[in-house]
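The values are calculated or read from the model by the stated rules, or taken from the named source; none is laboratory data. Remember, predicted model here, so these are calculated numbers, not experimental data. Cβ placement follows ideal geometry from the backbone for every residue including glycine, while neighbour counts extend to all protein chains displayed.
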Amino acid sequence: MFNSKTSKIKILFLIIFSFIFCFCSFATTASYEGKNYEIKLIYNKEFCPGDPILVQMQFKFLGKLSKLPKDEKIISGKIRLVNSDTDKNLRSSTLFEMKSKKRNSVIYMGMVPTTTWFEKNNYKVKIEYNIGEFENNSFTLPLEFMPKEFVEEVLVLDQKNSDIKNDYSKERMNQIESLNKILDTNNYSFYKDEVLSEFSEPLVCDRRTSFFADRRTYKYTNGKSSTSLHYGIDYGVKTGTEVFSCGAGKVVMAENRISTGWSICIEHLPGLYSLYYHLDELSVKAGDEVDTLSFIGKSGATGLATGPHLHWEIRLNMEAINPDFFVTTYPTIFLQEREKFFRQ
Ligand SMILES: [Zn+2]
């Protein structure tokens, strides 16, 4: 990055960079100021177990840094979810760049999932970043944990559904493995716009038959049972109900699977995917680009289903996260706030 500079200049730069950040944080925004750059950021400080933690940052270059060619201002870094009691790293992922219209600034985003098993208010977020060769900059952001109760339910399965649950055939195992491979992909060059997409529920329906992170017990026809977590939201709608993409992105899977029937997976941001299960028919294929509320198929009862419904699920870095987050918290913080906050 700054290879051609003499070590004298490097030392000067390091002195300039060793300023003390002025940290001011309120609600969901924070800013850091220094001589050569400033960071403004938006994040969801309060979270329920199962919500993702998203941090969107604008790095604005000042003074000497603003005169450097644009390609030298590359920032690399990580977002970490940390246990604030033990400092143990719980999850981490790479920051990715969004497009920015402004010449002297760049916008980066970091996203980590939380799980529905979190119980205590002892989490914080750490952002580690490098600008050029100036390494090991970091700051932490406080988080406020909001407890949430999850539903417990027992599902009595008939013979067909019991058979699906106990199907360990090579075909089913291959289907599980290939979907996991997709969900484990962080395609960092994948983003469409300068701004984040709007999200919406995939259909209009007030009748939810199962909720995110229900603690489920399946009872099989052979008398045995097993427990599992319900990864998404089930909408009780009749077969043939139109289903729409919850956000802009690219279809990365559209096929018939043994356990989830006709299924669609859409990539929205690096590591962020939405899933639609038990469909009756598909209107998209892998590779298609979709917008928020693009028509993608019709609901049904294919695969393991006790009746017609749509299963909608969102995954971040493999972890199933709360889909409602994207239609409640996300628009108020990351769409409305961003307009005011990054405009100045
Ligand atoms: Zn479901």
Within region 183-202, identify whether any single residue is surrounded by fewer than 16 Cβ atoms within 10 Å (Cβ to Cβ), farther than 18 Å from GLU267 by Cβ and within 16 Å of the ligand (Cβ to nearest atom), and answer yes or no. no
Restricting to region 211-240, name every residue that is among the β-branched types (Val, Ile, Thr) and either surrounded by fewer than 18 Cβ atoms within 10 Å (Cβ to Cβ) or not assigned by TED's automatic domain parsing to the domain that holds ASP288 (or both). THR217, THR221, THR227, THR239
Going through (1) more than 14 Å from the ligand (Cβ to nearest atom); (2) of a type outside the set (S, T, N, Q); (3) over 23 Å from ASN187 (Cα atoms) one by one, HIS268 fails only at (3)
Is it the case, given these coordinates, that GLU97 is among the acidic types (Asp, Glu) and crowded, with 16+ Cβ neighbours inside 10 Å? yes
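Here's a check for you: in region 299-334, which residue that is more than 23 Å from ASN186 (Cβ to Cβ) and of a type in the set (A, V, I, L, M, F, W, C) is farthest from the ligand (Cβ to nearest atom)?
Within region 299-334, the match that is farthest from the ligand (Cβ to nearest atom) is VAL327.
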When residues of region 220-234 are filtered for being near the ligand (Cβ under 9 Å from one of its atoms) and either over 22 Å from GLN159 (Cβ atoms) or modelled with pLDDT under 90 (or both), how many remain? 3
In region 69-94, residue surrounded by the most Cβ atoms within 10 Å (Cβ to Cβ) [restricted to those that are of a type in the set (Ser, Thr, Tyr) and touching a residue at least 60 places away in the same chain (Cβ under 8 Å)]: SER93
Residue identified as within 15 Å of the ligand (Cβ to nearest atom) and within 20 Å of the chain's Cα centre (by Cα) among SER245, SER263, SER210: SER263
Being more than 21 Å from PRO323 (Cα to Cα) and of a type outside the set (A, V, I, L, M, F, W, C) is the requirement here; does ASP291 meet it? no
Hey, THR217 at pLDDT below 95, among the polar types (S, T, N, Q) and within 16 Å of the ligand (Cβ to nearest atom) or not: yes
Per the filter on region 115-171, residues under 17 Å from ARG215 (Cβ atoms) and surrounded by 12 or more Cβ atoms within 10 Å (Cβ to Cβ) are THR115, THR116, PHE118, LYS148, PHE150, VAL151, GLU153, LEU155, VAL156, LEU157, LYS165
